[in-house]
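K.L.:
Here it is: the structure, laid out below.
Where a number appears in this text, it was derived from the coordinates with a stated rule and is not lab data. Quick caveat, the model's predicted, so the values are computed rather than measured. Every residue, glycine among them, receives a Cβ derived from its backbone with ideal geometry; neighbour counts consider all protein chains shown.
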Amino acid sequence: MAKKYFIKTFGCQMNVYDSHRMAVMLENLGFVPTENQTEADLVLFNTCHIREKAAEKVFSDLGRAYLIKQERAEKGLDTIIGVAGCVVQAEDEEIAKRAPYVDFALGPLTYHRLPEMLAKISRKHGMTLIDTDFPAEAKFDFLPENRAEGGCSFLAVQEGCNNFCTYCVVPYTRGAEYSRPVAEVVAEAKRLLATGTLEINLLGQNVNSYHGEDESGRERNLAYLLRRIAELDGLKRLRYTTSYPADVDDDLIACHRDLQALMPYLHLPVQSGSDKILKAMNRRHDRKQYLNVIEKLQKANESLRFSSDFIVGFPGETDADFEQTLSLVNEVKYIQAFSFKYSRRPGTPAAVMPGQVEEKVKKERLDVLQKLLFDYQTKFNEDSVGKVFAVLFEQKGRHKGQLIGRTPYMQNLHAKADDNMLNKIVEVRVTGATTNSLSGEVL
Ligand code: 5AD
Ligand code: SF4
């Protein structure tokens, strides 16, 4: 009987991509996937350290995994528990202390060593293994070939971050910026397309600072990479995320004018609308520069719409600063957004800044901001009713005969549709809208 693996992913799209790559590695080793944790011989948590809540969730899941491991042991079944991702990078000692039953831990830059790790464990069972070094060799050189999981695929092109926003752990957990060479990215894109992908989302913590080498050794930017991928056979949709506003250059803006496959939706996090707070966050842009970038993008492609990330209650944020964030939202009218209460992360400069904001105030501000953001999101969705969108169906719906997909604007849409439309792009007329989803009928 083949061994079964269960992976639970926390956090960002980069983790979703990494989990998929680990799954491919495990399947190459003969494992088969299961969605039922109790029948898994290998349980792997791919963790996130960005906010305290995300990091703490891992420990409760680990506790539960240990109980399952003990129950399985009574039935004579072995269970390996592994932890991957950014919590390992930041808190490997904490894991060893609070969850000593964890069999192995791999940092985000070393997960290509998973097969080696599993081999060691099977030789010497019971030993706790930790692997979090920032390796000199590039992780990507040691990963087996990727393949599509469905119609939409993530493709990591850049990893790490040199920006050091004062609230953020990413430069510590994911390390310095690294760009994969153009040829490697194009080869992976071709494999994804050959195995059924229609949409590729180029990923990077700071994806628009991409500066990989091309085939002749010349450094190329993200715009070049987008143009190379846009011309590949079979590619229908192209996206990239996450972009840093100060690094949006004119080449990239021109892509939104020229490339048909590039979807009219861009995630461009601003974090705050107050110049004072942006400065304290060590962002390399102010409010005006950000709005200027939005304006230029909008001019290049008027159907383009935006989403963003926001942090409320950053140290020193006053009511007036917060008002600036609200007014920025009113200017840009985001169609989607993620908003968070500032979370103090150990080791980051903002964690020890004076003027920490009370929890109660953070919560009040978050409620106000989210209400405003939801209003714009709802309005955009309601305005979609009656329109026809090309929808890429990605998964089965809750009800039989129903599929769920996404519009070019990343809206979730469900419609009555045959299973043979799964992983295809289909014209759909929107018939209904809520804050979080659309309903429609296939034309
Ligand atoms: N507290 C709250 N939100 C944070 N983010 C990053 N670090 C923190 C933190 N310490 C948010 C930012 C970022 C998103 C991925 O997570 O908005 O864009
Ligand atoms: Fe974190 Fe800022 Fe880098 Fe984004 S740009 S990963 S928020 S340090």
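K.L.:
Just for segment 287-312: of the residues that are within 16 Å of ligand 2 (Cβ to nearest atom) and buried (at least 17 other Cβ atoms within 10 Å of the Cβ), which one is farthest from Arg345 (Cα to Cα)? Give the derivation first.
P.N.:
If we filter segment 287-312 for residues that are within 16 Å of ligand 2 (Cβ to nearest atom), which is where we start, we get 289-290, 293, 307-312.
Filter once more, keeping what is buried (at least 17 other Cβ atoms within 10 Å of the Cβ): 290, 293, 307-308, 310-312.
Working: Tyr290: 26, Val293: 30, Ser307: 25, Ser308: 21, Phe310: 16, Ile311: 13, Val312: 15 Å.
Among them, the one singled out is Val293.
K.L.:
As an exercise: evaluate Pro269 against (1) over 27 Å from Cys165 (Cα atoms); (2) within 14 Å of ligand 2 (Cβ to nearest atom) and give the number of the one condition it does not meet.
P.N.:
(1)
K.L.:
To continue, here is another question. For segment 373-385, indicate whether the set of residues that are outside any helix (DSSP H, G or I) and in contact (Cβ under 8 Å) with a residue 24 or more places away in the chain is non-empty.
P.N.:
Step one: of segment 373-385, the residues outside any helix (DSSP H, G or I) are 385.
Adding the requirement that they be in contact (Cβ under 8 Å) with a residue 24 or more places away in the chain leaves 385.
Yes, because at least one residue in segment 373-385 is outside any helix (DSSP H, G or I) and in contact (Cβ under 8 Å) with a residue 24 or more places away in the chain.
K.L.:
Return the pairs, sorted by first residue and then second, in which the second residue is in a helix (DSSP H, G or I) and surrounded by fewer than 21 Cβ atoms within 10 Å (Cβ to Cβ), the first residue lies in segment 276-300 and is in contact (Cβ under 8 Å) with a residue 60 or more places away in the chain, the beta carbons are less than 8 Å apart, and the residues are 6+ apart or on different chains.
P.N.:
So the pair list comes out as Asn282/Pro349; Arg283/Ala246; Arg284/Ala246.
K.L.:
Any residue that is farther than 16 Å from Thr242 by Cα, buried (at least 16 other Cβ atoms within 10 Å of the Cβ) and within 14 Å of ligand 2 (Cβ to nearest atom) - is there at least one of those in segment 314-325?
P.N.:
Yes, segment 314-325 has at least one match.
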